[in-house]
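The values are calculated or read from the model by the stated rules, or taken from the named source; none is laboratory data. Quick caveat: nothing in here was measured; it's all calculated off a predicted structure. Here the Cβ is made from the backbone with ideal geometry for all residues, glycine too, and neighbour counts use every protein chain on show. Areas reflect the complete protein model, heavy atoms only, side chains present, ligands, DNA and RNA absent. Shrake-Rupley method; radii C 1.70, N 1.55, O 1.52, S 1.80 Å.
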Amino acid sequence: MLVLVAPGQGAQTPGFLTPWLELPGAADRVAAWSDAIGLDLVHYGTQADADAIRDTAVAQPLLVAAGLLSAAALGDVAPDAVAGHSVGEITAAAFAGVLDDIAALTLVRRRGLAMAEAAAITETGMSALLGGDPEVSVAHLEKLGLTPANVNGAGQIVAAGTLEQLAALNEDKPEGVRKVVALKVAGAFHTHHMAPAVDKLAEAAKALSPADPKVTYVSNRDGRAVHSGSEVVERLVGQVANPVRWDLCMETFKELGVTALLEVCPGGTLTGLAKRALPGVRTLALKTPDDLGAARELIAEHTTA
C-alpha cells in the first residue's frame, strides 16, 4: 500500500526546479501556471537565491508547483492514500482530485500572500527542538506561551511564537532538549498569529468547487481520513492557524497498512521522519528526475488502488 506525500515550507532550495524543467513539456506547463497565478515560478525555481524563495508568498506556490510537476512526471499514478505537511496539504488535495492544478495553485498563492501579511503584524518565528520527551516539551512550551506548531513524530517538535518567547526558550529549554535551532521562516505559522490569514483564505475558498477525494486523504490537523471535498477545503483554510500533527498522520499510515511512502519534490524531510517512525516501510524521495525510475518501481510494487 502506497502513500504519496508532499513536503511543507522550508524544503525548497535555490535552483531545485531546474532539472525538472528539462523534462518534455515541463517548462511550458510551469509557464502556464505562472501566468495563471501572476508569479514567475520558473524564475524562482531556477534563478532566485535563498532569501527570495524564503518569502512565504513565493515559497508556498513554488512548493505546490514542484510537487504537482514531479508527480505528473511519474505518469498515471494511483496511490492508495495521500497527505501533505503544512502547505503540502494543498498539493495532496490536487493528488486526490479534490482540486485541479490551477485551483490548487490559485489557492496556495492566496494562502502565501495572506500568511505573509499576517506574519508582518508581529515579529514572530519558529524553532526546532532537538531531543527531549515530546510530552515534557509541549508542556514546557505552553508554559512559555509558545505553540507546538509542528508535532512531527520521531521526537521532532517545532515551537512558534514571538521572538521574545523564542529567546526565553533558548534560555530555558525543556528537560532533555539538547539544542534549540531557529528556523529560517518568516513567522509563527500554524498558530493564532496566523488568524488574519484564515479569514482571507476562507474568502478565497468560496470560489472553489471541490470534488470528493478519489483516494484516502489524510488530514494533518488530526491524522483523520477525510472523505468529503468540502471538508478537505474547510480544513485547508483552518489549518494555517492550527498545529500540524504529522505524528498522527504517520499513526494513520500504520493503521492503513502502508508499506511504502513516496515523497514528491523537493523530497527528503518526510521520508526522513518516516525512516525513524515507520520501521519496515519503504521510503523514497523525489529530489531530481534521476529518481523517477526507482519511484516507478516502488509504485508498481506497492500500489493496490
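Normalised by the number of residues in region 56-193, the mean separation of alpha-carbon contacts (under 8 Å, six or more apart) gives a relative contact order of 26 percent. Between residue 35 and residue 182, the contour length at 0.36 nm per residue exceeds the Cα-Cα span by 49.4 nm. Sequence-distant contacts, meaning Cα pairs under 8 Å at least 6 residues apart, place the relative contact order of region 160-295 at 17 percent.
Of the GluC sites (Glu not before Pro) in region 155-220, the ones in a loop by DSSP (not H, G, I, E or B) with at most 15 other beta carbons within 10 Å are 175.
Ordering 226, 174, 283 by Cα displacement along the dipole of the chain toward the positive end leaves 174 in first place; charges were set at the Cβ atoms of Lys, Arg (+1) and Asp, Glu (-1). Per residue, the solvent-accessible area of the chain (1.4 Å probe, heavy atoms of protein chains only, all protein chains present) comes to 41 Å². Shown here: the chain, whose C-alpha atoms stretch 52, 43, 35 Å along the first, second and third principal axes, sorted largest to smallest.
The slack between residue 43 and residue 142, meaning 0.36 nm per residue of separation minus the straight C-alpha distance, is 31.6 nm. Ligands, DNA and RNA excluded, the heavy atoms of residue 297 present near 110 Å² of accessible surface to a 1.4 Å solvent probe. Taking the Cα centre of region 164-264 as reference, the dipole from Cβ charges on Lys and Arg (+1) and Asp and Glu (-1) amounts to some 220 debye. A crude spin-label estimate for the pair residue 195 and residue 168, with each label 7 Å from Cα along the Cβ direction, gives 1.8 nm.
Taking Cα centre as origin and charging only the Cβ of basic (Lys, Arg, +1) and acidic (Asp, Glu, -1) residues, the dipole magnitude of the chain rounds to 260 debye. With the simple model of a label 7 Å out from the Cα in the direction of the Cβ, residue 100 to residue 297 spans 3.7 nm. Shown for region 171-286: the carbon plus sulfur share of the solvent-accessible area, taken with all protein chains present and a 1.4 angstrom probe, equals 49%.
Between residue 50 and residue 76, the simple spin-label model (points 7 angstrom out along Cα→Cβ) gives 4.3 nm.
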